[in-house]
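**Q** This is the structure, below, for whatever I ask next.
The values are calculated or read from the model by the stated rules, or taken from the named source; none is laboratory data. Keep in mind it's a predicted model, so treat the numbers as computed, not measured. When we count neighbours, we look across all protein chains shown, and the Cβ atoms used for this are built from the backbone with ideal geometry, even at glycine.
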Amino acid sequence: MAGCYASDASFDDEAFSLRGQDQVAGMWHMLRDATKARGMDTWKLACSGIEADARAGKSHWEADYCFSATGRMVHNVIDGVFAFNEQGLIVRHLDSFYFWSWSRQALGAPGALLGWTPFLRRKVRAQAAANLAAYMAQRKR
């Protein structure tokens, strides 16, 4: 995925708001490494509804994985929309999923109780940003 993004790409979902190919690629590398660390047997991805033309695209996917922070299994249902540049690279990627459903699975009781609140969304975003910054700093060494 990392190679599919333009240098000025943006990526947004419930956990990340990223700008530039370095950040977006860093996120994909971090997720790949977390999956490898947990074991590929805990990861599954099913895609459907893929449509695209020269300017835009959309997709639907369902991801099953072990959330690295808690060790809990997650089934996440995601719809993505994409915008492409003239070279066919992604310049905008927006993924949407039901945060409360994700948080119940990934975080357990705290997610079930607080997953609907802006507080938990901000906390998850802040932790995701901190994790990505630490990961990218470690990779540069």
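**Q** Please specify each residue of segment 83-141 satisfying the condition of being among the charged types (D, E, K, R), in a helix (DSSP H, G or I) and crowded, with 16+ Cβ neighbours inside 10 Å.
**A** Scanning segment 83-141 gives R104, R121.
**Q** Return the total of residues in segment 93-118 being in contact (Cβ under 8 Å) with a residue 40 or more places away in the chain and touching a Phe, Trp or Tyr at 6+ places or on another chain (Cβ under 7 Å).
**A** Of the residues in segment 93-118, 1 are in contact (Cβ under 8 Å) with a residue 40 or more places away in the chain and touching a Phe, Trp or Tyr at 6+ places or on another chain (Cβ under 7 Å).
**Q** Kindly list the number of the only condition in (1) at pLDDT 95 or above; (2) within 15 Å of the chain's Cα centre (by Cα) that fails for Q87.
**A** It fails just one condition, (2).
**Q** Counting just the residues of segment 18-54 that are charged (D, E, K, R), at pLDDT 95 or above and surrounded by fewer than 12 Cβ atoms within 10 Å (Cβ to Cβ), which one comes out farthest from P118 (Cα to Cα)?
**A** Here the residue is D53.
**Q** Here are some residues: A6, A15. Which one is surrounded by 15 or more Cβ atoms within 10 Å (Cβ to Cβ), touching a residue at least 40 places away in the same chain (Cβ under 8 Å), out of contact with any Ser or Thr (no Cβ under 9 Å at 6 or more places or on another chain) and part of a strand (DSSP E or B)?
**A** Step by step, each of A6, A15 is checked, and only A6 is surrounded by 15 or more Cβ atoms within 10 Å (Cβ to Cβ), touching a residue at least 40 places away in the same chain (Cβ under 8 Å), out of contact with any Ser or Thr (no Cβ under 9 Å at 6 or more places or on another chain) and part of a strand (DSSP E or B).
**Q** Hey, does segment 37-45 have a residue that's assigned to a strand (DSSP E or B) and out of contact with any Gly (no Cβ under 8 Å at 6 or more places or on another chain)?
**A** yes
**Q** Given the criteria touching a residue at least 60 places away in the same chain (Cβ under 8 Å) and polar (S, T, N, Q), does N76 qualify?
**A** no
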